[in-house]
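Visitor: Before we start, here is the structure in question, set down as structure tokens.
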Amino acid sequence: MTATKSGTYIGATAAELRDKNTPDKAAALVSQKALFHRRGKIVLDPHTLLLSAWNDSGDLLLRPTDITAIERKFTDHYGRFVGGLLNSGKPLILHTVPVGEIYLLIDRNEFLETTRNKTWAEALLDWQATGTSHTN
């Protein structure tokens, strides 16, 4: 299995972000890791998207048909104030069948508040279009 794209992620589900309290959100102004407790490697290959160490059970493996929508935007769960003012601070949001809505920050630079979410969103949209056309 050859990786077509890989990096590191920090992530959380929409439910986890919704349940965060004011002290957690204040701590996130210093480090996003206060909100995003899931972290590991993200690997995209022609058939799967792997989020390593997703939970205590191990990795999360997604196929193109497991993802119903891909977005990159600020929301009520993760807004501009917490995520930075730059466009590059927008979370990558995957709507998935197995675990619901997932928020990811990929290859995040803590100091500059930048991510590679924009290029990952483009790659995932291409991957999904190619992958779902082969399965239908």
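Visitor: Leaving ligands, DNA and RNA out of it, rank 76, 19 by accessible area with a 1.4 Å probe, largest first.
Guide: Result of the area sort, largest leading: 76, 19.
Visitor: Under 29 Å from the Cα of residue 5, which lysines turn up, not counting those fewer than eight places away in the same chain?
Guide: Answer for residue 5, where 29 Å is the Cα cut-off: 33, 41, 73, 90, 118, listed by chain and number.
Visitor: How do 60-71, 92-103 rank on mean C-beta neighbours within 10 Å, highest first? It would help to have the intermediate numbers written out before the result.
Guide: Values: 60-71: 16.2, 92-103: 17.9.
Answer by packing, highest mean first, reads 92-103, 60-71.
Visitor: Hey, what do the phi angles of the stretch 39-45 turn into as Karplus ³J(HN,Hα) couplings, whole Hz, using 6.51/-1.76/1.60 and θ = phi - 60°, x for Gly and Pro?
Guide: Each residue of the stretch 39-45 in turn: 7, x, 8, 10, 9, 10, 10 Hz.
Visitor: Distances over 13 Å make up what percent of all Cα-Cα pairs in the stretch 38-81?
Guide: Working: 615 of 946 pairs.
Considering the stretch 38-81, 65 percent of its Cα-Cα pairs are separated by more than 13 Å.
The values are calculated or read from the model by the stated rules, or taken from the named source; none is laboratory data. None of these values were measured; they are calculated from a predicted model. Please note: Cβ atoms are built from the backbone with ideal geometry, for glycine as well, and neighbour counts cover all protein chains shown. We work out accessible area using only protein heavy atoms, side chains counted, and drop any ligands, DNA or RNA first. Shrake-Rupley method; radii C 1.70, N 1.55, O 1.52, S 1.80 Å.
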